[in-house]
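Here's the structure we're looking at; comments come further down.
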Amino acid sequence: MTIGKGCVVITGGSAGIGRACAELFAQNGYDLALLARGEERLEKAAEELSAYGVDARSYPCDVADADAVMATAREIDEAQGPIAVWVNNAMTTVIKRFWEMEPSDIRRVMEVTYLGQVHGMMAALKYMRPRDRGAIVNVGSGLAYRAIPLQSAYCAAKHAAKAASEALRTELIAEGSSVTVSMVHPSGINTPQFDWADTSLPNKPQPTEPIFQPETVAKAVVRAAKEGPRELFVGLPALAVFLGGQGMPQLLDRQLASSGADDQTSKQPRTIDNKTDGYAYEPGEGMFGAHGSYDHKAKDKALIVDGDVARFAAVGIGAVAAGAVGYFLGRGDRKH
């Protein structure tokens with residue numbers, strides 16, 4: 001399967017994973033429509049990506065605003081259409097213990113990280129369904145399957161995005177649509193979000209190690225747009241969280257209670273954004289690109305695993321293990 005004629009829309013396209021995705025799509029010759037709140041950073045990204053010989057344009061937009069997303073989608077489809085791929089990547093987070101947050105913090109994270117994807121899917125479907133073609137790729141997280149301390153709002157938003165994606169996928173299958181809905185679940189990624197997030201930690205937050213570069217996720221997103229898999233996991237940690245969360249939730253509870261906060265705390269001092277409302281309500285400071293502050297720790301390569309393959313493998317290993325246990329128990333019984 002290949003991406004059809006048209007442009008690729010990327011929300012949160014000016015920095016982090018979205019910026020890395022835009023770079024890779026541009027390298028492959030696809031026109032780009034980039035959405036984000038920070039107008040200056042967005043325009044700079046579009047200008048740099050145009051150097052690849054593609055039509056890259058910036059569209060300032062807050063994905064939490066459904067009307068704004070719909071209006072922007074109409075503008076994109078008229079100017080650069082048809083919309084061939086829509087990548088829902090925009091997010092925000094607050095890194096605090098549950099009781100340290102205000103209700104408004106949780107509401108804002110849900111509005112951007114969950115409803116932002118809902119609004120994007122609705123906008124994309126308005127143009128893709130009548131044409132019976134197109135790919136929607138939602139950037140999820142290993143945390144869509146297993147929540148961790150300090151990120152209850154973000155984890156809840158990713159859980160919700162996964163549920164909405166699953167429901168939509170079944171509805172499209174039921175009507176025989178060729179439109180695909182995929183999710184890409186990264187591990188800990190070196191993006192600027194940790195420089196921008198409001199936090200109660202004593203130092204700047206960091207991704208849980210091992211940390212991977214955003215280009216590893218971009219490869220999975222482009223693959224998802226081309227192949228339309230149900231979901232892809234980027235990096236073994238995301239896969240381990242998925243499998244472990246299903247099979248050993250209580251053990252993970254205790255492990256995360258013991259080390260979850262420390263694993264997310266760096267030795268670097270907090271930024272101005274870390275000490276205030278962060279980027280939940282206003283764009284983060286600085287002209288960041290795809291990478292955050294952890295280049296010295298981040299890996300350039302990550303295993304990309306199809307979720308269905310992982311499930312079949314887990315079931316197969318479980319069946320073999322159960323068979324082996326039964327065999328040896330049977331041998332023991334025969335000896336008596």
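Got a number for residues in segment 1-26 being buried (at least 24 other Cβ atoms within 10 Å of the Cβ) and at positive phi?
In the first step, residues of segment 1-26 are kept if they are buried (at least 24 other Cβ atoms within 10 Å of the Cβ); the result is 7-22, 25.
Add one more test, that the residue is at positive phi, and what stays is 12, 16.
Matching residues across segment 1-26 total 2.
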Looking only at segment 271-281, count every residue that is at pLDDT 80 or above and surrounded by fewer than 18 Cβ atoms within 10 Å (Cβ to Cβ) and tell me the total. 2
Of all residues making up segment 27-45, the number that are without any contact (Cβ under 8 Å) to a residue 40 or more places away in the chain, surrounded by fewer than 22 Cβ atoms within 10 Å (Cβ to Cβ) and within 18 Å of Val87 (Cα to Cα): 2
I'm trying to understand the selection: among the residues of segment 100-146, which are among the basic types (Lys, Arg), touching a strand residue (DSSP E or B) at 6+ places or on another chain (Cβ under 9 Å) and not in a helix (DSSP H, G or I)? Arg133
Does Val241 fit the bill of being under 24 Å from Val9 (Cβ atoms), out of contact with any Asp or Glu (no Cβ under 7 Å at 6 or more places or on another chain) and either aliphatic (A, V, I, L, M) or part of a strand (DSSP E or B) (or both)? no
From the options Trp86, Trp99, residue that is over 16 Å from Gly18 (Cα atoms) and either crowded, with 22+ Cβ neighbours inside 10 Å or among the aromatic types (Phe, Trp, Tyr) (or both): Trp99
Output the number of the condition that Gly235 fails; it satisfies all remaining conditions of (1) within 30 Å of Ile173 (Cβ to Cβ); (2) out of contact with any Phe, Trp or Tyr (no Cβ under 6 Å at 6 or more places or on another chain). (2)
Val54 is checked against (1) over 24 Å from Lys219 (Cβ atoms); (2) assigned to a loop (DSSP other than H, G, I, E, B) and fails just one. What number does that condition carry? (1)
Over segment 131-183, the set of residues closer than 17 Å to Val9 by Cα, buried (at least 22 other Cβ atoms within 10 Å of the Cβ) and either out of contact with any helix residue (DSSP H, G or I) (no Cβ under 7 Å at 6 or more places or on another chain) or small (Gly, Ala, Ser) (or both) is Gly134, Ala135, Gly140, Thr180, Ser182
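The values are calculated or read from the model by the stated rules, or taken from the named source; none is laboratory data. Small disclaimer: the values here were computed from a predicted structure and weren't measured. Please note: Cβ atoms are built from the backbone with ideal geometry, for glycine as well, and neighbour counts cover all protein chains shown.
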